[in-house]
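S.K.: I have a structure I would like to understand better, so I am pasting it below and will then ask my questions one at a time.
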Amino acid sequence: MDDPVITATALRKRNGATRALDGFDLAVPRGAVLALLGPNGAGKTTAVEILATLRRADSGRACVAGFDVAREPDRVRERIGLAGQYAAVDELLTGRANLVMFGRLNGLGAAAARRRADELLERFALTEAAGRRVDGYSGGMRRRLDLAASLTRDPQVLFLDEPTTGLDPRSRNGVWESVRDLVGAGTTVLLTTQYLEEADRLADRIAVLDSGAVIAEGTADELKSRIGGDQIDVVAAGAGDLGAIAAVAARISGASPQVRTDERRVSVAVSVSARIGVLGGILRELDAAGLEVEDIGVRRPTLDDVFLGLTGRAGADAPAGAERHETEEVSA
């Protein structure tokens, strides 16, 4: 990979008896966006904290912007911005006062800190609330203010740990646009997220974590293709028919179906070229067998499907908040 600005090699970290990272490797090229995807407990936040110098790895090596995160943490901190999962702003200060404070802490003079605060308040649609104390802000407003604080000094590298959690669609789009602007100006972004749409919209590449290590890396389309492209979903009218429906799906598709009892759902992978024929064949056999369904359709794989295909886990073990369906126009 040409000119990586973030590198991690064989990072390991224990939290008590738990291996948070277990041979974590990563390389992010300059000016790119890389998304870390993983179920809860996969090690995403631990990786970001180590790369951002907030924690030390037990072993392995990592460099950010050309500096070793363990030996030269101060040099790293001068070049990065960080927004964690929870807003780190002072609730007793106003929005503007928070941003001015962060500006001064980042080495800006008083006048420059005020100018930067006003710029960021406007960018994140917080100008009208700038004079209000943060304890009167909504959760989404606090999140936007925290993101603004991470950009007080234009960072070379920006770490975003689940940056749009709790934001409404309009605010989320605003954050995405700000990230794109930063990347266009040369900033490298490493973000953790549980939203496939967010990775699709922002990331050049996606690294999938499980049990503290990267188990797959590629674009969103590349990761989806690893689990068989499109899928046909059949939702049974009754849980007792799942076995018979799965047998029909297997016979027509020639693939092994996935059965999710809690959703009364049978899913089977299918190629784009074969999906119409397979869908029609399944419908005909279900009708002939008198098996009733609530829904049947072709859909693109989701983040839950990626994790089921890569780790063999889904449901409660998959990322919270992942979109479960991306049903296409082909349905019945």
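S.K.: So Ala125 passes all but one of these: (1) crowded, with 16+ Cβ neighbours inside 10 Å; (2) modelled with pLDDT under 90; (3) more than 16 Å from Leu82 (Cβ to Cβ); (4) among the aliphatic types (A, V, I, L, M). Which condition number does it fail?
M.R.: Single failed check for Ala125: (1).
S.K.: Looking only at region 80-129, count every residue that is among the aromatic types (Phe, Trp, Tyr) and not in a loop (DSSP other than H, G, I, E, B) and tell me the total.
M.R.: Our first condition is that a residue be among the aromatic types (Phe, Trp, Tyr); within region 80-129, this holds for 86, 102, 124.
With not in a loop (DSSP other than H, G, I, E, B) added as a condition, the list becomes 102.
Count: 1.
S.K.: Spot the failing condition for Ala207; the list is (1) of a type in the set (Gly, Ala, Ser); (2) more than 10 Å from Leu37 (Cα to Cα); (3) surrounded by 24 or more Cβ atoms within 10 Å (Cβ to Cβ), and only one is missed.
M.R.: (2)
S.K.: Give region 33-66 a look and list any residue that's crowded, with 17+ Cβ neighbours inside 10 Å, of a type in the set (A, V, I, L, M, F, W, C), out of contact with any Phe, Trp or Tyr (no Cβ under 7 Å at 6 or more places or on another chain) and closer than 26 Å to Arg180 by Cα, or say none.
M.R.: Of everything in region 33-66, those that are crowded, with 17+ Cβ neighbours inside 10 Å, of a type in the set (A, V, I, L, M, F, W, C), out of contact with any Phe, Trp or Tyr (no Cβ under 7 Å at 6 or more places or on another chain) and closer than 26 Å to Arg180 by Cα turn out to be Val33, Leu34, Ala35, Leu36, Leu37, Ile50, Ala62, Cys63, Val64, Ala65.
S.K.: Residues Gly243, Gly297: which one is within 28 Å of Tyr195 (Cα to Cα) and touching a strand residue (DSSP E or B) at 6+ places or on another chain (Cβ under 9 Å)? Walk me through how you get there before you give the answer.
M.R.: Values: Gly243 fails: within 28 Å of Tyr195 (Cα to Cα).
Testing whether each residue is within 28 Å of Tyr195 (Cα to Cα) and touching a strand residue (DSSP E or B) at 6+ places or on another chain (Cβ under 9 Å) leaves just Gly297.
S.K.: Then there's this: Looking at (1) of a type outside the set (Lys, Arg); (2) within 25 Å of Ala216 (Cα to Cα); (3) not in a loop (DSSP other than H, G, I, E, B), which is the one condition that is false for Asn40?
M.R.: Here Asn40 meets the rest and fails (3).
S.K.: Residue by residue through region 43-59, note down the ones that are farther than 22 Å from Asp146 by Cβ, in contact with a helix residue (DSSP H, G or I) (Cβ under 9 Å, 6 or more places away or on another chain) and either assigned to a strand (DSSP E or B) or not charged (D, E, K, R) (or both). So that I can check it myself, show each step before the final result.
M.R.: Our first condition is that a residue be farther than 22 Å from Asp146 by Cβ; within region 43-59, this holds for 43, 56-59.
So of that shortlist, the ones also in contact with a helix residue (DSSP H, G or I) (Cβ under 9 Å, 6 or more places away or on another chain) come out as 56-57.
Within region 43-59, Ala57 is the sole residue that qualifies.
S.K.: What tally of residues in region 264-277 results from selecting those that are over 13 Å from Ala246 (Cβ atoms) and among the charged types (D, E, K, R)?
M.R.: 1
S.K.: Sticking with this one: Evaluate region 133-150: report whether one residue or more is among the small types (Gly, Ala, Ser), without any contact (Cβ under 8 Å) to a residue 12 or more places away in the chain and more than 15 Å from Glu198 (Cα to Cα). Walk me through it before giving the result.
M.R.: Step one: of region 133-150, the residues among the small types (Gly, Ala, Ser) are 136, 138-140, 148-150.
Those still in the list that are without any contact (Cβ under 8 Å) to a residue 12 or more places away in the chain too: 136, 138.
Filter again for more than 15 Å from Glu198 (Cα to Cα), leaving 136, 138.
Looking for residues that are among the small types (Gly, Ala, Ser), without any contact (Cβ under 8 Å) to a residue 12 or more places away in the chain and more than 15 Å from Glu198 (Cα to Cα), one finds at least one in region 133-150, hence yes.
S.K.: Can I ask one more? Criterion first (out of contact with any strand residue (DSSP E or B) (no Cβ under 9 Å at 6 or more places or on another chain), over 28 Å from Asp204 (Cα atoms) and buried (at least 20 other Cβ atoms within 10 Å of the Cβ)) does Ala117 satisfy it? Explain how you work it out, then say what you get.
M.R.: Details: out of contact with any strand residue (DSSP E or B) (no Cβ under 9 Å at 6 or more places or on another chain): yes; over 28 Å from Asp204 (Cα atoms): yes; buried (at least 20 other Cβ atoms within 10 Å of the Cβ): yes.
Yes: the conditions hold for Ala117.
S.K.: Regarding Leu145, is this residue within 15 Å of the chain's Cα centre (by Cα), at pLDDT 85 or above and not β-branched (Val, Ile, Thr)?
M.R.: Numbers: within 15 Å of the chain's Cα centre (by Cα): no; at pLDDT 85 or above: yes; not β-branched (Val, Ile, Thr): yes.
Taking the combined requirement at face value, the residue does not satisfy it.
S.K.: Scan region 93-103 and give yes if some residue there is at pLDDT 95 or above, buried (at least 17 other Cβ atoms within 10 Å of the Cβ) and over 30 Å from Arg132 (Cα atoms), otherwise no.
M.R.: no
S.K.: Looking at (1) at pLDDT 60 or above; (2) crowded, with 20+ Cβ neighbours inside 10 Å, which is the one condition that is false for Leu310?
M.R.: With (1) at pLDDT 60 or above; (2) crowded, with 20+ Cβ neighbours inside 10 Å applied to Leu310, the lone miss is (2).
S.K.: Same structure, new question: Restrict the check to region 1-13 and report whether at least one residue is surrounded by fewer than 19 Cβ atoms within 10 Å (Cβ to Cβ) and among the polar types (S, T, N, Q). Give the steps one after another, and end with the answer.
M.R.: Pass one, region 1-13, residues surrounded by fewer than 19 Cβ atoms within 10 Å (Cβ to Cβ): 1-4, 7, 9-10, 12.
Then keep just the ones that are among the polar types (S, T, N, Q); that gives 7, 9.
So far as region 1-13 goes, yes, one or more of its residues are surrounded by fewer than 19 Cβ atoms within 10 Å (Cβ to Cβ) and among the polar types (S, T, N, Q).
S.K.: Among the candidates Gly277, Gly290, Gly297, single out the residue that is surrounded by fewer than 17 Cβ atoms within 10 Å (Cβ to Cβ) and not in a helix (DSSP H, G or I).
M.R.: Values: Gly277 fails: not in a helix (DSSP H, G or I); Gly297 fails: surrounded by fewer than 17 Cβ atoms within 10 Å (Cβ to Cβ).
Only one candidate passes the filter, namely Gly290.
S.K.: Of the residues Ser273, Ser171, which is in contact (Cβ under 8 Å) with a residue 40 or more places away in the chain, small (Gly, Ala, Ser) and out of contact with any strand residue (DSSP E or B) (no Cβ under 7 Å at 6 or more places or on another chain)?
M.R.: On the way: Ser273 fails: in contact (Cβ under 8 Å) with a residue 40 or more places away in the chain.
From the options Ser273, Ser171, the qualifying one is Ser171.
The values are calculated or read from the model by the stated rules, or taken from the named source; none is laboratory data. What you see is a predicted model, and the numbers here were worked out from it, not measured in a lab. Quick reminder, even Gly has a Cβ in these numbers, built from the backbone with ideal geometry, and neighbours come from all protein chains shown.
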